[in-house]
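All remarks here apply to the structure that follows.
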Amino acid sequence: MAGVSRLAPSGTPLSQLPHLTRRFFGAVSRRAPSSSDQAWALGFLRAGEAALWQRLGNADQRHSIEVARRFSADLSESPRDEMAGALLHDIGKVSVDLGTFGRVLATVVGPRTRSFRIYHDHEQIGIELLREAGSAAATLSLLDGTTQRVDALAALRRADNV
């Protein structure tokens, strides 16, 4: 999909090291998000979106909540559909069966195997999953980078790349 906006920072893997290090240590924990965090997140999602979000592993759910909270704090007004986009920005990762160390390896070596390609294409895959799940046009346009709200797109990038 040509319009897909890569949320990951551009540049060499070295420039991504601080972000990836924080993600790694967050992913090692198997702790589920708190029930209040889960309820908060699910309050922004349509039924099909919620079903997908609940398929994420605990670390990915925690990450999505952290990103959505930073996104919301960055924008004074965050419509429900954009909040859904912030929560679901990595939803395509439900399609890849790589553990934490597999994801690290995929990040380091690139899309050399089928599983690693799926991991690297998780944003495109996620948009298709969300389209099938009935996500709003505003959610999809935020995630594919075609939104007219460039402030929201920039806020999502900042929130994900802390």
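Read-outs throughout are calculated quantities, based only on the coordinates presented, and are distinct from any laboratory measurement. Source: prediction; values computed, not measured. Positions of Cβ are generated from backbone atoms using ideal geometry, with glycine treated the same way; all protein chains shown enter the neighbour counts.
Looking at the stretch 53-162, the GluC sites (Glu not before Pro) that sit in a DSSP loop and have at most 14 other Cβ atoms within 10 Å of their own Cβ are E77.
A simple charge model with +1 on the Cβ of Lys and Arg, -1 on the Cβ of Asp and Glu and nothing else charged puts the dipole of the stretch 13-160 at about 540 debye relative to its Cα centre.
Projecting the Cα atoms of A86, H63, L130 onto the charge dipole of the stretch 61-135 (Cβ charges, centred on the Cα centre) puts H63 farthest toward the positive pole.
Between E77 and S36, what is the FRET efficiency for a Förster distance of 22 Å, r being their Cβ-Cβ separation, to the nearest 0.05? About 0.45, to the nearest 0.05.
Across the stretch 147-162, computed HN-Hα scalar couplings (Karplus, 6.51 cos²θ - 1.76 cosθ + 1.60, θ = phi - 60°) run 4, 7, 8, 5, 5, 5, 5, 5, 5, 5, 4, 4, 5, 7, 9, 5 Hz from first to last residue, x flagging Gly and Pro. Out of every Cα-Cα pair that the stretch 13-160 contains, those further apart than 25 angstrom amount to 24 percent. Computed from backbone phi, the HN-Hα couplings of the stretch 120-129 come to 5, 9, 4, 5, 4, 4, x, 4, 5, 4 Hz, rounded to whole numbers (Karplus: 6.51 cos²θ - 1.76 cosθ + 1.60, θ = phi - 60°; Gly and Pro given as x).
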